[in-house]
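J.: After the structure tokens below, expect a handful of questions from me.
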Amino acid sequence: QVQLVESGGGLVQPGGSLRLSCAVSGSDFNIYHVGWYRQAPGKQRQLVAGITSSGTTQYTRSVMGRFAISRDNAKNTVFLQMNSLKPEDTAVYYCNVPRSGSTWYDVQGSWGQGTQVTVSS
């Protein structure tokens, strides 16, 4: 089973930046699509950004132009650079790997603890 470890969250003021990291276990990393998801209190988990094995990216509309997802195949790591953060970006952020041929929400890994991002003055 795929194992994932998120890191890089924290408390930041509105307008600030954070860079999240997702370390992915396994020798098949190069063929994985990887998504960053977030869940705010009382809300459903949503896909924030995704990157395919070939490097194609997609973003939910609310973060377009502010967030950037990237991957380092040599380090089995996916990053989420978050700029111009807003209070509504406050959530627990998770990464995961969708099952091959399935939707972004049909994931292979367990949902871990994630990393908390709090945007507040």
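The values are calculated or read from the model by the stated rules, or taken from the named source; none is laboratory data. If you're wondering where the values come from, they're calculated on a predicted model, not measured in any experiment. FYI the Cβ positions are ideal-geometry reconstructions off the backbone, even for glycines, and counts take in every protein chain you see. Note: accessible area is taken over every heavy atom of the protein model, side chains too, but ligands, DNA and RNA are not part of it. Shrake-Rupley method; radii C 1.70, N 1.55, O 1.52, S 1.80 Å.
J.: Scan the range 102-121 and report the pairs whose first residue is without any contact (Cβ under 8 Å) to a residue 12 or more places away in the chain and open to solvent by 40 Å² or more (accessible area, probe 1.4 Å) and whose second residue is part of a loop (DSSP other than H, G, I, E, B) and among the charged types (D, E, K, R), with Cβ atoms within less than 8 Å and a gap of 6+ or a chain change.
T.: Final answer for the pair search is 106/99.
J.: Which residue pairs have Cβ atoms under 8 Å apart, sit 6 or more places apart or on different chains, and have a first residue in the range 3-28 that is in contact (Cβ under 8 Å) with a residue 40 or more places away in the chain and under 21 Å from residue 89 (Cβ atoms) and a second that is among the charged types (D, E, K, R) and assigned to a loop (DSSP other than H, G, I, E, B)?
T.: 14/86
J.: Assess whether residue 92 counts as being touching a Cys at 6+ places or on another chain (Cβ under 8 Å), part of a strand (DSSP E or B) and either open to solvent by 10 Å² or more (accessible area, probe 1.4 Å) or free of Cβ contacts under 8 Å to residues at least 12 places away in the same chain (or both).
T.: In short, no.
J.: In this structure, does residue 20 turn out to be assigned to a strand (DSSP E or B) and surrounded by fewer than 15 Cβ atoms within 10 Å (Cβ to Cβ)?
T.: The answer is no for residue 20.
J.: Only one of 56, 60, 90, 52 is β-branched (Val, Ile, Thr), over 17 Å from residue 1 (Cα atoms), modelled with pLDDT of 95 or more and more than 14 Å from the chain's Cα centre (by Cα); which?
T.: Step by step, each of 56, 60, 90, 52 is checked, and only 56 is β-branched (Val, Ile, Thr), over 17 Å from residue 1 (Cα atoms), modelled with pLDDT of 95 or more and more than 14 Å from the chain's Cα centre (by Cα).
J.: Just give me the residues in the range 37-54 being charged (D, E, K, R) and either under 23 Å from residue 76 (Cα atoms) or assigned to a strand (DSSP E or B) (or both), in sequence order.
T.: 38
J.: Take residue 85 and tell me if it is open to solvent by less than 10 Å² (accessible area, probe 1.4 Å), modelled with pLDDT of 95 or more and more than 13 Å from the chain's Cα centre (by Cα).
T.: Answer is yes for this residue.
J.: Being within 15 Å of residue 4 (Cβ to Cβ), of a type outside the set (Val, Ile, Thr) and free of Cβ contacts under 8 Å to residues at least 40 places away in the same chain is the requirement here; does residue 66 meet it?
T.: no
J.: Based on this model, can you work out whether residue 10 counts as closer than 26 Å to residue 65 by Cβ, in contact with a Pro (Cβ under 8 Å, 6 or more places away or on another chain) and open to solvent by less than 30 Å² (accessible area, probe 1.4 Å)?
T.: Spelling it out, it is not the case that residue 10 is closer than 26 Å to residue 65 by Cβ, in contact with a Pro (Cβ under 8 Å, 6 or more places away or on another chain) and open to solvent by less than 30 Å² (accessible area, probe 1.4 Å).
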